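The structure appears right after this line, and notes come after that.
The values are calculated or read from the model by the stated rules, or taken from the named source; none is laboratory data. Everything numeric in this text was worked out from a predicted model, so none of it was measured. FYI the Cβ positions are ideal-geometry reconstructions off the backbone, even for glycines, and counts take in every protein chain you see. Protein only, heavy atoms only, side chains kept; ligands, DNA and RNA dropped before computing areas. Shrake-Rupley method; radii C 1.70, N 1.55, O 1.52, S 1.80 Å.
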Amino acid sequence: MKSHSRSQDLNYVCAYLIVYFNFTSFSTQFGRPVTQSLAAAVVMNGNAGHDQAEEAESKQDGSGDADPSDDANEQEVIVIQDTGFTVKIQAPGTEPFDLQVSPQEMVQEIHQVLMDREDTCHRTCFSLQLDGNVLDNFAELKSIEGLQEGSLLKVVEEPYTVREARIHVRHIRDLLKSLDPSDSYNGVDCNSLSFLSVFTDGDLGDSGKRKKKGSELEQIDCTPPEHILPGSKDRPLVPLQPQNKDWKPLQCLKVLTMSGWNPPPGNRKMHGDLMYLFIVTVEERHVSITASTRGFYLNQSTTYTFNPKPANPSFLSHSLVELLSQISPAFKKNFTALQKKRVQRHPFERIATPFQVYSWTAPQIDHAMDCVRAEDAYTSRLGYEEHIPGQTRDWNEELQTTRELARKNLPERLLRERAIFKVHSDFAAAATRGAMAVIDGNVMAINPGEETRMQMFIWNNIFFSLGFDVRDHYKELGGDAAAHAAPTNDLNGVRAYGAVDVEGLYTLGTVVVDYRGYRVTAQSIIPGILEREQEQSVIYGSIDFGKTVMSHPKYLELLEKTSRPLKVQRHAVLNEKDSAVELCSSVECKGIIGNDGRHYILDLLRTFPPDLNFLPVEGEELSPESQKQGFPRQHRHRLACLRQELIEAFVEHRYLLFMKMAALQLMQQKANKEKNSAGKEADETIPGLAQAKELAESLATDDGSDPKSREVVLNACKAVGSISNTSFDIRFNPDIFSPGVRFPEDSAEDIQKQKQLLKDAAAFLVSCQIPSLVSDHTALPMDGATMTEALHQRGINVRYLGNVLEFVDKMPAKPQLEHVYRIGITELITRCTKHIFKTYLQGVELSALSAAVSHFLNCFLSSFPDAVAHLPADELVSRKKNKKRRNRVPGGGDNTAWASLTPSELWKNIASEALRYYHFTLQCESVDQAVEKYGLQKITLLREISVKAGIQILIKEYNFDSRHKPAFTEEDILNIFPVVKHVNPKASDAFHFFQSGQAKVQQGFLKEGCELINEALNLFNNVYGAMHVEICACLRLLARLNYIIGDHPEALSNQQKAVLMSERVLGIEHPNTIQEYMHLALYCFANGQLSTALKLLYRARYLMLMVCGEDHPEMALLDSNIGLVLHGVMEYDLSLRFLENALSINSKYHGPRSLKVALSHHLVARVYESKAEFRSALQHEKEGYTIYKNQVTPPSHSRRFEPPLVQLCHQAAGFTAPSMASVLEQLNIINGIIFIPLSQKDLENLKAEVQRRQQLQDSGKIEEQQEDGQLALDDKIPVDD
């Protein structure tokens, strides 16, 4: 046997643990393991965990010679058919039951299923036995001899250990809390809220077949709540979290806690005592329980006397639930009812999300006694880490080992990506918890002698530092402002290098946490870095911003591989001895070889080039486009960088320019050859990009022997700023304009080129990207987060928000962009407020936090002119004692400066911050002026500031407009949450399947598209587990495809999952969730569930009113949906209110002559027709007809408006209710789904046309128009019946 080094052993263990950990963790709390259908693709032939780990190990040994038998694995495995079989399970005290399993599952997964089933959930300490042989938890079922269809597996109770007893108590506590939403409100253990079931009332899927038939429509109550009717100004907060009747607590026990008699003394240990519990039953019986190796029994101890002898009777039971059921009838009854309800809930309501989602509102929750929570609060381990051998986790080793896993074929890549994702989400959770502990003062600093802002911390193998400029490190770059911006820049660098994923190059696990006004950076620790000085460690880059610089051949080789994808140019800089040093990154990027021999890079804050619009440099003039907009502008720090998305867009823009120029020159050369007449013809065909591409390709294949084509390429390269003269290659030097960095003289010309390139990129942002954002009507932001996302997708930093708003303000079509302007102003005000709030909080001591936050919110939002802070009366000082003592504040100093803030002062600060940071002039001096001038809503401002600053407030109605008393009191502030930024590892293979599926669907191949999307869903589940925002997008598209193909129940089921997932991973009122509710309502209507469809639409409208108000183009679509459904259930007057509102919003945002307005007229006319008001109907139908006639050139299209017109003219006095089919047809049309009856010949012609267009599109003729990378199945999609 070969001897291993310690680190290799650790790698082996780590890889094995990760594989095991990932296999088990996602299937917990879930009826069946989620990843069944592709379990096969995850696991290679043989034992998944062992094979992977050994492979990683042999790789490190250098003995990983390829085995010829591995060739079969090299082929991409798409899916291995899952041939499941059934086994019988026999558990003590229950009837044998059948369980469907897959050969690729592990025994551990059957354990998880049994711990979730209603009748076996109370067992945790058992083994599974086949014919008397105990099965290994980590064995795959297919590797177990004798296991086959119909085999009987026995559940055998095993003796407890202390660890098993603690796991058992934790599991029972989880079962008792399974319907309790307090963990979701408190933002712990990746629990989050979902309210869909309140509106569907268990009305979806098989259990929800309609009880009412069409003839009983009158029974449906369609009246919407008053506050969501069009025109209502009331914006209540309480309906945001409706009461879920399932959450009414079924109390099983009053108290379950660890006894004060723990741990057992030595003599009792030798009798098998493991620990003691204290319990108070609902019947007020106080009992003391011993957990022993044989199970749980009553002992004779009381609160004050220790008597561990068994009571008589002792009720010895293997499970705590069995014991409690014998001594408390209320426990038995309520626990059974609770488990029934638990298993009836949709699994997606209970599965943990990968990252914590926090709620900005919560009701007042009772704080119950909870022994597990108390224990967890004072340990550095995460709750589930009991399952991991060893003490605290070595985060760095786990993060790097997962990256080293093999990735040659699909199963290997899936396993690797799953491991990477799981470790990242665990690391983010641990880092967040540690950062909060640091700010709350629960962690001792490693340099306790220094002042607070300079302190650094280590907790749970994670290094924490605060976002302040310690030791004047950032003095020349903007001091504290630069120190605050550097961590997010660094995180963007880590994300970029992580995405390129070069083998052998390692980055640190990095999480940035904003909490209570402080910014904390959490990083994994490079092995050995704490044992040596930084100067000794760094062998590449600079530790003093370029004064001394080092390089290293291995680092140059590794970074060279990232150079092209990240567009970073290799360049030379001068060191302190004036000799040139080669770098392939910015000088700040440091290379350190850890004690584990890995090459780490850190301090990636300048991965992307500087943004010259916000970096005034003496003697440098920006291009005219930038100057016209008032750039360069002074920014508060000198770390302003361009975003990666902008670099990509700029390079693509230059590439098109390069192609066109090369094509133009080649055409001219041809034209010169073929004399003038031919030249004219050729010139006419120049703009064709397809030809440009063809010519460019011919240039690429040319071996350079033709001097003319060489000259063409040279000229085109020079014109677009390519660093190569023989091919298109644009890269940036990130050190240009860095203070303190000097370049060799021989590269002066190159540096000049680079400076020009940076100026061009800065100009491209203001002259191309901002206008394209504003003119793109597919980007419909609804709130600050979606607005920021839209900016970032085009590479526009949020510091340009003022520019974007000015641009919108000057547009001739400003009325049609009013929603963008309003959301932008809201975002700008709340971001300025957040900047002020951050500094404000730093001056507040912990005991005054709720008073300070409520005072700040009053100054920000309340109309009460003199908001006076109520200094919290010291709860701990007796009223009778002398007053001198009461005024003394712990910690000394003036800690009440926050109390002197006034509303007018705060709004002055907001206006000056807007001018300083965003260069935008706010024309308001109070919240009421802002609301009036810009049409804002106070509830929206409250939501935005709470989400951005991590404030959680009590859910109740707030009177913001009272001039007699402030809106908030300190009792209304419930919590302060962290705002966390981290890397999101991606499932690359799944994403490619998803994109291919989208492309197929857009070409009209629905069936193939559907198969690919299904495959993508399987792969996503494999990597992310059951909950993730990308799975949500996948389910939404799948539901839409099911719907179009005509499988309505399947569409309903998939869309229900999409809604639940969106609520859980994005938030209950996220714009995405609102969209999901609308889609679900359409599928409910198609399934005949009318009242549910209405409830869902009303919920969507309430959420939209709160998030962005009524005046938004999306509201027109929502109101058209509501109006149509109300029309269908014959509520004509209500229907008209919504449809006429939709008509006026459409007219405002799309212009009175748009096709959307024509359709709105048609829908209103139909309702008037049903009401027998034919004159009004005719009027609207004519309006619509006129628009169609003017807009649509071929007269055939306007004919579809003629039948209604003719019909109306001949209409008799009698009228009938609209048919559901006609209402559904209109619903489909407004939601962008149009079914066209086609003959086979039409279909073939259409497919040929689609393919032709696709080819042109591929060759660059038609630019792809995809909405946010997600599919809008818009307009005419053929369906082959």
Contour minus Cα-Cα distance for residue 1191 and residue 1155 (0.36 nm per residue): 12.2 nm
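Of the cross-linked pairs 561/753; 1095/1182; 561/981, which ones have a Cα-Cα span greater than 25 Å in the structure shown?
Checking Cα-Cα distances, 1095/1182; 561/981 exceed 25 Å.
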Members of 233/1148; 838/938; 567/838; 567/834; 547/718 lying beyond 31 Å, as alpha-carbon distances in this model show: 567/838; 567/834; 547/718
Approximate spin-label separation residue 475-residue 316, in nm, with each point projected 7 Å along Cα-to-Cβ: 7.5
Sequence of 1155, 602 when ordered by accessible area, the most exposed leading, probe 1.4 angstrom: 1155, 602
The range 428-517: C-alpha gyration tensor shape, a/c 1.5 cut-off, then a/b vs b/c: oblate
Shape of the range 965-1097, Cα gyration tensor, a/c cut at 1.5: oblate
FRET efficiency, 1/(1 + (r/R0)^6) with R0 25 Å, evaluated for residue 271 and residue 251 via beta carbons: 0.15
Highest-first arrangement of 737-743, 148-154, 180-186, 1097-1103, where packing means the average Cβ count within 10 Å: 1097-1103, 180-186, 737-743, 148-154
Calculated FRET efficiency for the pair residue 572/residue 708, C-beta based, R₀ 35 Å, to 0.05: 0.55
Cα→Cβ-extended label distance, 7 Å offset, between residue 957 and residue 988, nm: 5.6
Point-to-point label distance, residue 845-residue 579, nm (Cα→Cβ direction, 7 Å offset): 5.8
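Could you give the alpha-carbon Rg of the range 736-848 over 2.2 N^0.38 Å, rounded to two decimals?
1.46
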Shape of the range 553-602, Cα gyration tensor, a/c cut at 1.5: oblate
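If packing is taken as the mean number of other Cβ atoms within 10 Å per residue, what is the order of 996-1006, 418-428, highest first?
Going by the mean number of other Cβ atoms within 10 Å, highest first, we get 418-428, 996-1006.
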Nonlocal amide H pairs with residue 292, under 5 Å, H built at 1.01 Å: 274, 297
20 Å cut-off, amide nitrogen to a point 7 angstrom out along residue 369 Cα→Cβ, residues in the range 310-332: 320-321, 323-332
Packing-based order for 467-473, 102-108, using average beta carbon neighbours within 10 Å, highest first: 102-108, 467-473
Residue (of 1058, 1087, 1072) at the positive-pole extreme of the range 1052-1115, dipole from beta-carbon charges: 1087
For residue 1161, solvent-accessible area (1.4 Å; no DNA, RNA or ligand), Å²: 20
Column: log10 I(q)/I(0), Debye, Cα scatterers of the range 904-1003, q = 0.14 Å⁻¹: -0.77
